[in-house]
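The next block holds one structure in the form of structure tokens; read it before the comments.
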Amino acid sequence: MAIEMTQVAQELAMNEDELMREALRALLRAKIHSLDAERRSRCAKFGVSSLQEMDELVRSGSVAEEDILDDFQNVDYLTNRMKRLQQLIGGDSE
């Protein structure tokens, strides 16, 4: 089913450019939300909420590096990906 941009824009009383910008912003916000959920899940496995806290677990010897490495790398990637997407929408992270 194809969505007609013109028809949707008319229905929402927007021009097509405005509709496209809002749609892209909504898509980016949804992607950020999804990445954040995965990041939080990986952090929760170790009872922390950030990459820095994960690093502290390794530094303090609370968790062996080999036990946290995969999740640490994923949290780092997810955090950076979220930052990049937030930059694309002007820092808005709703």
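The values are calculated or read from the model by the stated rules, or taken from the named source; none is laboratory data. Quick caveat, the model's predicted, so the values are computed rather than measured. FYI the Cβ positions are ideal-geometry reconstructions off the backbone, even for glycines, and counts take in every protein chain you see.
Look through I32, I68 and report the one residue that is surrounded by 12 or more Cβ atoms within 10 Å (Cβ to Cβ), assigned to a helix (DSSP H, G or I), β-branched (V, I, T) and touching a Ser or Thr at 6+ places or on another chain (Cβ under 7 Å). Write out each step before concluding.
Numbers: I68 fails: touching a Ser or Thr at 6+ places or on another chain (Cβ under 7 Å).
On inspection, the qualifying residue turns out to be I32.
Would you check if E11 is acidic (D, E) and modelled with pLDDT of 95 or more? Answer is no for this residue.
Only residues that are without any contact (Cβ under 8 Å) to a residue 40 or more places away in the chain, closer than 30 Å to A30 by Cα, polar (S, T, N, Q) and in contact with a helix residue (DSSP H, G or I) (Cβ under 9 Å, 6 or more places away or on another chain) were counted in the range 45-82, giving 3.
Yes or no: M54 among the hydrophobic types (A, V, I, L, M, F, W, C) and surrounded by 15 or more Cβ atoms within 10 Å (Cβ to Cβ)? Judged against the criteria, M54 is a match. The set of residues from the range 1-29 being part of a loop (DSSP other than H, G, I, E, B) and either surrounded by 12 or more Cβ atoms within 10 Å (Cβ to Cβ) or not charged (D, E, K, R) (or both) comprises M1, A2, I3, L12, A13, M14, N15.
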